[in-house]
Amino acid sequence: MNASVAQGTEGAFGRPWRRHSGNKQFPRIGIVLIAALIFAADTELPLGSAVAGLYAIVLILAAGTYLRRGVIVTGLCCIGLTTVSYLASQGLSPPRDPFLRWAVSCAAIGVITLLTLRNQAATQTQREQAELLNLTHDAIFVRDTQDIVTSWTRGAEALYGWSAEEALGRPVQTLLAPERPGGFQPVQAQVLREGHWEGEVLHRTRGGQPVIVSSRWALQTGPHGAPSAILETNTDITLQQQAVAELRRSEARYRSIFQSAGVAIWDEDYSDVQPLLEELRQQGVTDFNRYFAENPDFVRQAVTLVRVLDVNETAVQMFQAESKHELLGPLEPVFLPGTSGSFANLLAALAEGKPGCKSETVVSTRRGEKLSILMSVTFPPAGESRVLVTIMDITERRRAEHDLQRTRENLAHATRVATLGELTASIAHEVSQPIAAIVANGAAALRWLRREAPDLGEATQAMERTIRDGKRAGDVVARIRAFVSKSVPRRDIVAPRDLVDEAVLLLQREFQNHDITLTIDMNPDLPLIEADRLQIEHVIVNLLINGVQSLADMESGRRDLTLKADLAESGEVILFSVRDHGIGFAEKDTKRLFDAFFTTKANGMGMGLAVCRSTVEAHGGRIWASRPAVGGALIQFTLPACKSH
């Protein structure tokens, strides 16, 4: 039934008694004319009980035009017309055969009216149901046992592009070209056996575009239970299936990357740890690093609560397991007791809501071997508990770095020995002076003691000078021995001025021999630095020697050498500089000065500045060279200031 109903004349029940004039219906005036013709024929030519059949035509036409009340009124009018015809032809004569025919006709019209009302109600229900089906977005259609479409809703029109007029009477195979794995014979058998079926089907639209639908079939049966039609309801899930397919491809890509990555990946569950961290936050803990340092038992407990959900093949090989199942479960077996600090840092980062953290630690493999690892942790969004941990084995790197450090130390030792070779004259002078003074003072003391009247005062002063010069000689030897010794590097808190003074003492004789004036310009308020005293002294000595040699090769000109030290603009590093007015170096050699085995000297080894660079960079600084406009060379390097001091 069409949903648009006119708000026409209202009856006692407050309902419209006729359909909207816009509906396709028999004209009301035609119904009235037909009824009038039947009345006239019945009046002139008594039709007897046959008139009921004629009035049935009027009732059928009225059922298509009026609603329930209109049909009732039409039926009563037909009975009234029949009664008027009877009275007009028979009058008030005693009941005879015509009266009996009149009674049968009226009863027949009444029965026809009731049947018409029932049929109208059934038709209206069917129309309402059809209209409800048209309101849904699903594509719904009915096909008979010959696969011919007998009903086609608006949803089917919107999905497939076929109008109802085009679809009705055509086979579904022609319209939609349905496809599914395994064909439709099993589906048909299930529908006949169980009365319904659900599954996914590929259809084609009018334009040939594929559409994946979730299809539900329901079997309609006839009066005797025989199959009569199939109601098919289809929901478009094309986009959903595409999303699922993309999700599966993404999952496959992730799984492929997860398994084939060159680093070990651990998928860990922290769901039992997060409530403990939340409890700490509620207790007012804000400095989690300090709390974990003061409460190591909490960290050990947290390690036991972490569970490994998945690992990739690289992790299995790295941790020397037979299969991934050996690594799944509690995390505790792979952590060493002495490496809980790295896990404490991880917990602190998780508790503070950071997106991730990195740390180095040592873990144990399934065979008990120790691995140095670099651990990178990615924390989940709020509300999730799975943590992704990427582990890189840096054992070989640490071993190589250790070997490289030893090589650097040996190289630095060799260059210090070579430097002392260049300073032989200065060293001999530094040692010979106090020794000569010791001999002279000793001889003087003997003379004062051998006099007839020994002068004990002069002898005492001579012996005191002997002791002083002996200490001086001892200091020179100790300083040279420390400079050339092959000791283990150590970091101490030292003053920059002390480093410069001790380095300059070794070169005093060089400055005198080459008539070089050394100017030291240092900020008296420089902060302390944390450094290996011997290594930094070697850097300063090496740079000063280069300046001396550059000035010594000049036949004339200024023989000035300047050593400066001051805070850089950032206030976080100390800037040292050595400036000479010597022969300098070529512009093209600026970037190569600190390369190993590169030298601008005829008999140089090319290792001095290379060792200086490695030493400065190992202390967290940097070193570079430049060519001042007035000539010579300027070498500068930085060292971090020690903030805690």
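The values are calculated or read from the model by the stated rules, or taken from the named source; none is laboratory data. This structure is a prediction, so every number in the text was calculated from the model and none was measured. Counting neighbours? That spans all protein chains shown, and the Cβs are built from the backbone with ideal geometry, glycine included.
Points worth noting:
- The listed residues are A218, A229, and the only one of them that is of a type in the set (A, V, I, L, M), in contact (Cβ under 8 Å) with a residue 40 or more places away in the chain and assigned by TED's automatic domain parsing to the domain that holds E157 turns out to be A229.
- Any hit, the range 152-166, residues being among the polar types (S, T, N, Q) and modelled with pLDDT of 90 or more: yes
- Taking the range 238-315 as the region of interest, the helices (runs of 4 or more DSSP H) fully inside it that hold 1 or more residues being outside the structural domain of P381 (by TED's automatic domain parsing) are 238-260.
- Screening the range 586-618 for residues that are part of a loop (DSSP other than H, G, I, E, B) and closer than 25 Å to V573 by Cα and picking the one that is modelled with the lowest pLDDT gives D595.
- Output for the range 527-544, where each listed residue is under 12 Å from C612 (Cβ atoms) and either touching a helix residue (DSSP H, G or I) at 6+ places or on another chain (Cβ under 6 Å) or surrounded by fewer than 18 Cβ atoms within 10 Å (Cβ to Cβ) (or both): Q535, I536, E537, H538, V539, I540, V541, N542
- Taking the listed residues L175, L192, the one that is under 18 Å from S228 (Cβ atoms) and part of a helix (DSSP H, G or I) is L192, with no other qualifying.
- Of all residues making up the range 202-237, the number that are on the phi < 0 side of the Ramachandran plot, within 43 Å of the chain's Cα centre (by Cα) and outside any strand (DSSP E or B): 5
- Every pair of residues 6+ apart whose Cβ atoms lie under 7 Å, when the first sits in the range 568-594 and is assigned by TED's automatic domain parsing to the domain that holds I520 while the second is of a type in the set (F, W, Y): F576/F637; R592/F598; L593/F585
- Among the candidates G631, G582, G621, residue that is surrounded by 20 or more Cβ atoms within 10 Å (Cβ to Cβ), at pLDDT 80 or above and more than 47 Å from the chain's Cα centre (by Cα): G582
- Condition met for H224 (loosely packed, with under 11 Cβ neighbours inside 10 Å and farther than 22 Å from T304 by Cα): yes
- Taken over the range 337-369, the criterion of being touching a helix residue (DSSP H, G or I) at 6+ places or on another chain (Cβ under 8 Å) and under 18 Å from A321 (Cα atoms) is satisfied by V362, V363, S364, T365, R366.
- Residue within the range 527-541 that is assigned by TED's automatic domain parsing to the domain that holds V630, in a loop (DSSP other than H, G, I, E, B) and either small (G, A, S) or more than 18 Å from I623 (Cα to Cα) (or both) present: yes
- Residues that are small (G, A, S) and surrounded by 13 or more Cβ atoms within 10 Å (Cβ to Cβ) were ranked within the range 173-209; the one that is farthest from N234 (Cα to Cα) is G195.
- Any hit, the range 255-268, residues being charged (D, E, K, R), closer than 28 Å to L347 by Cβ and in contact with a Leu (Cβ under 7 Å, 6 or more places away or on another chain): yes
- All of (1) modelled with pLDDT of 90 or more; (2) of a type outside the set (A, V, I, L, M); (3) surrounded by fewer than 12 Cβ atoms within 10 Å (Cβ to Cβ) hold for R170 with one exception: (3).
- Matching helices (runs of 4 or more DSSP H) fully within the range 426-526 where at least 2 residues are modelled with pLDDT of 75 or more and under 25 Å from A552 (Cβ atoms): 496-505, 508-513
- Inter-residue pairs, beta-carbon under 6 Å, first closer than 14 Å to D560 by Cα and in the range 505-517, second small (G, A, S) and modelled with pLDDT of 75 or more, 6+ apart: H514/A552
- Qualifying positions in the range 366-377 - buried (at least 16 other Cβ atoms within 10 Å of the Cβ) and either at pLDDT below 80 or within 18 Å of R399 (Cα to Cα) (or both): L371, S372, I373, L374, M375
- Matching entry among T407, T339 (being modelled with pLDDT under 80, under 30 Å from L609 (Cβ atoms), part of a helix (DSSP H, G or I) and hydroxyl-bearing (S, T, Y)): T407
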